[in-house]
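Here is the structure we will look at.
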Amino acid sequence: MPEVLKAPLVVEFPFTRSLGPVQSAFLTGLRERVVLGVKTTDGRTLVPPVEYDPVTADEIRDLVEVAPTGTVTTWAWNHAPRRGQPLGTPFAWALVRLDGADTALLHALDAPGPDAVHTGMRVRVRWAEERTGAITDIACFEPYDGTAEPTGHSGEFEDMVTGIVAPARLDYTYSPGRAQAAYIGALSEHRNVGERCPSCRKVYVPPRGACPTCGLATSEQVEVGPRGTVTTFCIVNIKAKNLDIEVPYVYGHIALDGAGLALHGRIGGIPYDQVRMGLRVEPVWTEDARFPDHYRPTGEPDADYDTYRELL
């Protein structure tokens, strides 16, 4: 049996979003140790607040403070906290309806074990020592046999939080399967190998193991390239984290000679403002690389549009 390839893969990026007036007040309030909800037209108080009534779709902006104490409505025990979660020791994920609210807020509950958690238990907010205007300003909830009164804050603050940057990260183990494993193996020999559909005869690079159009398995291997044609491209002006490439640079779709669809790659060896559709390019391999570092112009005349228009 051939070796089954697998490797850890991490997809990570910062997600930046602006805040409307309600979310801005809510997160600014957390920074100031104040929990705000919003009143609906029928008198309910929603925490966390939203800007439109989920029942009537009416815009709602009537902010009201609720207490930092509340009641657990439901919960689930987390035996093995993962990186980036609120606590480093086992804890409960809990929905907590704060006193004065009609909806529940999801957050971590610090408890010694699952036997110490139950629906109906009383809890309070444990504030983070350093607060910046984010949901993490609530470090977690903790058991508390008591109540606390709201301060009566109006919801107006100085230096309002108007935007947040939330990191998004996905860790998983990727296994490419038979078709892509053969493709990766060929790349280690500086070759591009695709697979041809037995019906429509299209050559897929990278191969997928089946033709998405005809639904038939593909097994006939076809070597393509190494040269190809730029079908379309974009100019990148934002520097990516951990990517040692100076901006601006160009990323394009490249139809390798003999391939039935385009793959993507960086275009180098030419000023970014001279990259164009139809440009003929070839791969540039770095030492010990399993894939081309970038593609550069071959010096050939540009390809005629009709030769690649179906590959855009």
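The values are calculated or read from the model by the stated rules, or taken from the named source; none is laboratory data. Predicted, not measured: the structure shown is a model, and the values here were computed from it. A quick note on method: Cβ atoms are made from the backbone with ideal geometry, for glycine too, and the neighbour counts reach across all protein chains shown. Please note that ligands, DNA and RNA were not included when accessible areas were found on the heavy atoms of the full protein model with its side chains. Shrake-Rupley method; radii C 1.70, N 1.55, O 1.52, S 1.80 Å.
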Suppose we keep only residues that are aliphatic (A, V, I, L, M) and within 30 Å of the chain's Cα centre (by Cα) within the stretch 285-312. Which one would you say is surrounded by the most Cβ atoms within 10 Å (Cβ to Cβ)? 311
Qualifying position, being basic (Lys, Arg), under 26 Å from residue 180 (Cα atoms) and touching a His at 6+ places or on another chain (Cβ under 8 Å), among 280, 266: 266
Could you list, in sequence order, all residues of the stretch 269-284 that are among the hydrophobic types (A, V, I, L, M, F, W, C) and open to solvent by less than 40 Å² (accessible area, probe 1.4 Å)? 270, 275, 279, 281, 284
Taking residue 67, is it of a type in the set (Gly, Ala, Ser), open to solvent by 10 Å² or more (accessible area, probe 1.4 Å) and modelled with pLDDT of 95 or more? no
For the stretch 62-96, which positions are of a type in the set (A, V, I, L, M) and in contact (Cβ under 8 Å) with a residue 12 or more places away in the chain? 63, 64, 66, 67, 72, 76, 87, 92, 94, 95, 96
All but one of (1) open to solvent by 40 Å² or more (accessible area, probe 1.4 Å); (2) at positive phi hold for residue 223, so report the exception by its number. (2)
Give the stretch 133-155 a look and list any residue that's among the acidic types (Asp, Glu), surrounded by fewer than 16 Cβ atoms within 10 Å (Cβ to Cβ) and touching a residue at least 60 places away in the same chain (Cβ under 8 Å), or say none. 149
Residue within the stretch 187-209 that is open to solvent by 70 Å² or more (accessible area, probe 1.4 Å) and touching a helix residue (DSSP H, G or I) at 6+ places or on another chain (Cβ under 8 Å) present: yes
Here's a check for you: in the stretch 34-57, which residue that is exposed (fewer than 13 other Cβ atoms within 10 Å of the Cβ) and over 30 Å from the mean Cα position of the chain (by Cα) is nearest to residue 121 (Cα to Cα)? 43
Residue within the stretch 292-301 that is touching a Ser or Thr at 6+ places or on another chain (Cβ under 9 Å), of a type in the set (Gly, Ala, Ser) and either closer than 24 Å to residue 11 by Cβ or without any contact (Cβ under 8 Å) to a residue 24 or more places away in the chain (or both) present: no
Search result, residues across the stretch 156-200 that are part of a loop (DSSP other than H, G, I, E, B) and of a type outside the set (A, V, I, L, M, F, W, C): 156, 158, 159, 162, 175, 176, 188, 189, 190, 191, 198, 199
Is there a residue being over 18 Å from residue 37 (Cα atoms) and in contact (Cβ under 8 Å) with a residue 60 or more places away in the chain anywhere in the stretch 116-132? yes
Which one of the conditions (1) in contact (Cβ under 8 Å) with a residue 12 or more places away in the chain; (2) over 28 Å from residue 310 (Cβ atoms) does residue 287 fail to meet, given that it meets all the rest? (1)
If I go through the stretch 88-108 residue by residue, how many of them are over 21 Å from residue 170 (Cβ atoms) and not in a strand (DSSP E or B)? 8
